[in-house]
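All remarks here apply to the structure that follows.
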Amino acid sequence: MGTNTQVWQYVKAYQWSDMLAMARNNKADPRQCSDGCSDRLVVITGATSGIGYATARTYASRGASLLCINRNVEKSRELCDELTREFGVRCRDIIADLSRLDDMHRVGHQLSQLCEPIDILIHNAGTYLTRRVVTADGLDTVFAVNYLSSFVINTLLLDKLRSQSHGRVLLVNSEAHRFAPWGLHLDDLCWEQHRYSGLRSYGSAKLAQLLAMQTFVQLLSGCNVTVNAMHPGAVRTESGKENGALYKWYKNRILERNFRSATISADALYYLGVSAEIEGVSGKFFNLTTLENPAPPALDRAAAEKLREVSLALGRLDDPLRSSAPCHDRESARNPRGDAPIAEPGGST
Ligand SMILES: NC(=O)c1ccc[n+]([C@@H]2O[C@H](COP(=O)([O-])OP(=O)(O)OC[C@H]3O[C@@H](n4cnc5c(N)ncnc54)[C@H](OP(=O)(O)O)[C@@H]3O)[C@@H](O)[C@H]2O)c1
């Protein structure tokens with residue numbers, strides 16, 4: 001939680017109208033985009049179930065090439081076989097456990113070495129744990145998967161993204177960022193000193209991702225690469241499957257009773273990734289496809305800067321501000337499809 005002054009500033013900034021807008025937006029259907037996306041490369045994390053799976057299918061059905069960052073080898077290969085068989089598209093995978101720092105770094109480096117541009121990068125992998133689980137690196141698992149993995153990968157990809165003529169980064173976030181109403185415990189992001197709860201750690205990780213979005217928008221400013229976050233709706237998925245029987249009973253019988261199908265999330269992620277209406281829009285939070293004001297702590301620039309410093313240290317990263325490549329020449333950006341050719345089909349990356 002921030003200082004008393006910060007907390008007071010947040011309290012003053014909360015607006016009833018924002019909460020009413022959220023309630024209204026939660027019931028809305030996503031805008032649809034009918035444009036195709038053949039020849040585009042879509043990178044998506046956590047495509048083996050739920051929202052990621054529905055999104056990978058939606059993009060594949062419109063002709064995109066997929067590069068999926070998945071944890072489970074069998075599920076991942078099954079997914080790629082399915083997408084290639086049903087839609088005739090190219091699907092590759094990188095197997096990675098995004099709770100592990102080594103794997104986050106490996107994914108970042110592998111993606112940065114792709115010769116084709118990443119047209120759309122969707123950070124979707126996430127987990128909800130009712131009990132604190134510490135990773136091999138000493139991090140809180142929810143913090144690592146839901147937030148730090150996207151921070152590390154984006155940081156390692158900055159030079160590549162800056163060198164591209166175009167690109168859209170989408171963060172699958174959540175209205176649950178509002179469960180951290182007074183901000184982050186920036187000195188205790190892994191819940192060693194504060195009481196852990198599923199909602200607190202999940203909400204904080206999502207809030208951290210929104211704060212970091214400001215940093216990446218700044219680092220990519222002047223480039224034709226945008227970064228936006230979205231709430232994918234309240235939808236039925238495998239989320240929480242690692243929790244106990246009681247949670248599963250509550251989820252199946254009560255929580256998800258009015259949840260919708262993950263196809264609405266996929267439609268929204270397709271619209272945000274492809275629609276011309278979103279061209280040039282960056283640093284925004286969408287509820288499905290409706291622009292929304294996030295909670296005040298997500299707009300705190302001082303907290304975003306402190307989080308950046310802590311995340312660089314926790315993520316074992318060099319500061320990209322010290323050495324970032326220039327943006328792609330805007331003149332050549334007029335021919336956005338004129339980047340390096342898509343590599344020939346092959347096996348897994
Ligand atoms: N469902 C909702 O109503 C809702 C609402 C708001 C936000 N969200 C967000 O939507 C995103 C997708 O969640 P979902 O609801 O679709 O849940 P899900 O069905 O459990 O899917 C989560 C995906 O993330 C992968 N994943 C989990 N831990 C991982 C790790 N350590 N390394 C690599 N991949 C990992 C899972 O892989 P495995 O198949 O190997 O488990 C799976 O592919 C999450 O960011 C979540 O916070 C969901």
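Report the antiparallel proportion of the DSSP beta bridges in the chain as a percent, rounded to a multiple of 5. List each step's numbers first, then the result.
Working: 4 of 31 bridges.
That works out to approximately 15 percent antiparallel.
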Inset, instruction - Just the isolated ones, please: cysteines in the chain lacking another cysteine beta carbon under 4.7 angstrom. - result: Cys33, Cys37, Cys68, Cys115, Cys190
Inset, instruction - Note down the relative contact order for the range 220-279 as a percent, whole number, built from C-alpha pairs under 8 angstrom at least six residues apart. - result: 39 percent
Inset, instruction - Find out how many positive minus negative residues lie around Ala64, taking Lys and Arg as positive, Asp and Glu as negative, among other residues whose Cβ is under 11 Å from that of Ala64. - result: +2
Inset, instruction - Would you mind telling me which residue in Thr155, Thr48, Thr237 has the biggest mean-square fluctuation in a Gaussian network model of the chain, where springs connect alpha carbons within a distance under 10 angstrom? - result: Thr237
Legend entry - Cα gyration tensor shape of the range 140-298, rounded if a/c is under 1.5, else prolate or oblate by comparing a/b with b/c: oblate
Legend entry - Given charges at Cβ of Lys, Arg, Asp, Glu: the range 100-147 dipole, positive-most of Val134, Leu111, Asn146: Val134
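What Kirkwood hydrodynamic radius, in Å, does the range 84-183 give when the mean of 1/r is taken over all pairs of distinct Cα atoms and then inverted?
Working: mean 1/r = 0.0658 Å⁻¹.
Across the range 84-183, the inverse of the average 1/r is 15.2 Å.
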Legend entry - Residue-averaged 222 nm ellipticity for the chain, from DSSP H runs of 4+ at -39500 (n - 2.57), nearest 500: -12000 deg cm²/dmol
Legend entry - Distance-filtered residues of the range 17-57 - backbone nitrogen under 18 Å, label point 7 angstrom along Glu78 Cα→Cβ: 46-57
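Provide the net charge surrounding Arg132, with neighbours chosen by a C-beta distance below 14 Å and charges set as Lys +1, Arg +1, Asp -1, Glu -1. Don't skip to the end; give the middle numbers.
On the way: positive: Arg131, Arg195, Arg200; negative: Asp140, Asp188, Glu192, Glu242.
Once positives and negatives cancel, what remains is -1.
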Legend entry - Residues Ile122, Ile94 arranged by fewest to most Cβ contacts within 10 Å: Ile94, Ile122
Legend entry - P(r) weight above 18 Å for the range 11-132, C-alpha pairs, percent: 60 percent
Legend entry - Computed over the chain, Cα set: Rg, Dmax in Å: 19.1, 58
Legend entry - Antiparallel %, DSSP beta bridges [both residues in the range 38-174], to 5: 5 percent
Inset, instruction - Kindly provide the Kirkwood hydrodynamic radius of the range 206-322 in Å, to one decimal, from all pairs of distinct alpha carbon atoms. - result: 16.5 Å
Inset, instruction - Only Cα pairs under 8 Å and at least 6 apart count here; give the relative contact order of the range 34-100 as a rounded whole percent. - result: 32 percent
Inset, instruction - Using +1 at the Cβ of each Lys and Arg and -1 at the Cβ of each Asp and Glu in the range 1-121, identify which of Val73, Tyr53, Met22 lies farthest towards the dipole's positive end. - result: Met22
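Explain nothing, just the number: relative contact order of the chain, from Cα pairs under 8 Å at least 6 residues apart, as a whole percent.
On the way: 630 pairs, mean separation 81.7, N = 349.
Averaging sequence separation for qualifying contacts and normalising by length gives 23 percent for the chain.
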Legend entry - Peptide ranges 163-169, 313-319, 127-133 listed from the most packed, as the mean C-beta count within 10 angstrom indicates: 163-169, 127-133, 313-319
Inset, instruction - Sticking with the crude label model, points 7 Å out along Cα→Cβ, report the distance from Val281 to Ala23 in nm, one decimal please. - result: 2.4 nm
Legend entry - Lys/Arg +1, Asp/Glu -1 at C-beta; the range 185-260 dipole; positive extreme among Tyr202, Thr226, Cys190: Tyr202
Legend entry - Alpha-carbon centroids, the range 128-156 and the range 29-53: separation in whole Å: 23 Å
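Every number here is computed from the coordinates shown, using simple stated rules; none is lab data. All figures in this text were calculated on a predicted structure; none of them were measured in a lab. Don't worry about glycine lacking a Cβ; one is built from the backbone with ideal geometry, like all the others, and counts go over all protein chains shown.
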